[in-house]
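Take a look at the structure below.
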Amino acid sequence: MASFAELETWKQARKIRLFISDVVKRFPSEEKFRLTDQIIRCSRSIGNNIAEGHGRFHFQDNIRFCIIARGSLSETLDHMIIARDENYINDETFRSFQDDYDQCLKLLNGYIHFIKKKKNDELV
């Protein structure tokens, strides 16, 4: 695969980043340097780490960055739970995010498994 942008897991991370970018526009202004900043940074980190891992060309490095991306994905979910608890988003918006989150987690886990298999196949 020539580019990280061809990866389905990166495409799903991008979808989440764009979703978050839209949602935070409705957060209260007093959250600008708190929740808004945090959720934007962690949602961007998902795709950033997938891309960085892909560019490393070593299986173990790629796996490590995908695990970091998975952590950023979980952090984004936690921030969305906070946003729902604080009534910054409604249940429908949260459920929509949850669907994207579940798909991204599934793709990331599958990609990590794929990389591990390729790493093990290379050792044989």
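Within the range 91-124, track down each residue that is within 12 Å of the chain's Cα centre (by Cα) and open to solvent by 100 Å² or more (accessible area, probe 1.4 Å).
Correct list: Lys106 only.
Out of (1) surrounded by 17 or more Cβ atoms within 10 Å (Cβ to Cβ); (2) within 14 Å of Gln12 (Cβ to Cβ), the odd one out for Gly53 is which?
Failed condition: (2).
Quick one: count up the residues across the range 27-48 that are at pLDDT below 95 and more than 14 Å from Tyr88 (Cβ to Cβ).
Residues flagged as at pLDDT below 95 and more than 14 Å from Tyr88 (Cβ to Cβ) within the range 27-48 amount to 1.
So if I check each of Gln60, Gln38, Gln12, which one is open to solvent by 50 Å² or more (accessible area, probe 1.4 Å), polar (S, T, N, Q) and within 23 Å of Ile112 (Cβ to Cβ)?
Residue meeting the stated conditions: Gln60.
Quick check on this structure: which one of Glu30, Glu52 is among the acidic types (Asp, Glu) and in contact with a helix residue (DSSP H, G or I) (Cβ under 7 Å, 6 or more places away or on another chain)?
Of the residues listed, the single one that is among the acidic types (Asp, Glu) and in contact with a helix residue (DSSP H, G or I) (Cβ under 7 Å, 6 or more places away or on another chain) is Glu52.
Six or more apart or on different chains, Cβ atoms under 9 Å: show the pairs whose first residue is in the range 107-122 and within 22 Å of Ile46 (Cα to Cα) and whose second is outside any helix (DSSP H, G or I) and open to solvent by less than 90 Å² (accessible area, probe 1.4 Å).
Going by the 9 Å Cβ cut-off, the qualifying pairs are Leu107/Leu7; Tyr111/Leu7.
Filter the helices (runs of 4 or more DSSP H) completely within the range 1-89 down to those with at least 2 residues that are in contact (Cβ under 8 Å) with a residue 60 or more places away in the chain and among the β-branched types (Val, Ile, Thr).
Passing ranges, in order: 8-23.
The values are calculated or read from the model by the stated rules, or taken from the named source; none is laboratory data. Everything numeric here is computed off the predicted structure, so don't read it as measured data. Using ideal geometry, Cβ is built from the backbone for each residue, glycine included, and neighbour counts are taken over all protein chains shown. SASA here: full protein model, heavy atoms, side chains in, ligands and nucleic acids out. Shrake-Rupley method; radii C 1.70, N 1.55, O 1.52, S 1.80 Å.
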